[in-house]
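Report on one structure; see the data block that follows.
The values are calculated or read from the model by the stated rules, or taken from the named source; none is laboratory data. Quick caveat, the model's predicted, so the values are computed rather than measured. No Cβ is skipped: glycine too gets one built from the backbone with ideal geometry, and neighbour counts run over all protein chains shown.
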Amino acid sequence: MATIIQFEDMEIWQQAREICKDVYALCSKGSFAKDFELVRQISRSSGSCMDNIAEGFERDGNKEFFQFLSISKGSIGETRSQLFRALDRGHISQTEFDVLVPKCLKASKDIGNFMRYLRNSDMKGSKSFEALSESGIRNQESANAEDRKPPRQHRRQGDPERTKPRS
């Protein structure tokens, strides 16, 4: 497995992005473009797949990442279901359907495999992939230093040092 430094490096995110672009292209033409409800739903579910991979990656550890991957996997299944609706309503051809559904199935399988990898990984900390880059380690160290700073003191609105009573 290659070193992953940012979510854009992940093959599963790249697959989800490709599906999202394909869905957008389908939604932009013919009768599909006029089925506003279905266009909104399939656009959101395909976008949710890639967005949840990105958001989970940016979280603090494997447990949260795993949860977001699970949501992403569900979203790709939702997209696949909506493709059936688009086919049944005559918005897409059988050929278009036959091209996009296998992409969704592969993405779902690959997300599931990555979830299994995370679940079985001995490393459970913050972004514990195969290796972290020097900048990744340095960024984590500076983030930890930020956590050690004392919190700023805020005065409440009714604090006597801040407000004076009216005469």
Inset, instruction - Scan Leu100, Leu83, Leu69, Leu132 and give me the residue that is of a type outside the set (Lys, Arg), modelled with pLDDT under 95 and crowded, with 17+ Cβ neighbours inside 10 Å. - result: Leu132
Inset, instruction - Read through the list (1) at pLDDT 65 or above; (2) outside any helix (DSSP H, G or I), then give the number of the only condition that Gln157 fails. - result: (1)
Legend entry - Residue under evaluation Phe57, criteria (1) free of Cβ contacts under 8 Å to residues at least 24 places away in the same chain; (2) of a type in the set (Phe, Trp, Tyr); (3) surrounded by 15 or more Cβ atoms within 10 Å (Cβ to Cβ), criterion not met: (1)
Inset, instruction - Read through the list (1) crowded, with 16+ Cβ neighbours inside 10 Å; (2) over 21 Å from Arg116 (Cβ atoms), then give the number of the only condition that Met50 fails. - result: (2)
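Being among the hydrophobic types (A, V, I, L, M, F, W, C), under 15 Å from Lys103 (Cβ atoms) and over 11 Å from the mean Cα position of the chain (by Cα) narrows it down to one residue among Phe32, Phe84; which is it?
On the way: Phe32 fails: under 15 Å from Lys103 (Cβ atoms).
Of Phe32, Phe84, the one residue that is among the hydrophobic types (A, V, I, L, M, F, W, C), under 15 Å from Lys103 (Cβ atoms) and over 11 Å from the mean Cα position of the chain (by Cα) is Phe84.
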Inset, instruction - For residues that are without any contact (Cβ under 8 Å) to a residue 40 or more places away in the chain and surrounded by 15 or more Cβ atoms within 10 Å (Cβ to Cβ), scanning just segment 87-97, find the one that is nearest to Asp22 (Cα to Cα). - result: Phe97
Inset, instruction - Take Leu38 and decide whether it is of a type outside the set (Val, Ile, Thr), surrounded by 19 or more Cβ atoms within 10 Å (Cβ to Cβ), in contact (Cβ under 8 Å) with a residue 40 or more places away in the chain and in contact with a His (Cβ under 9 Å, 6 or more places away or on another chain). - result: no
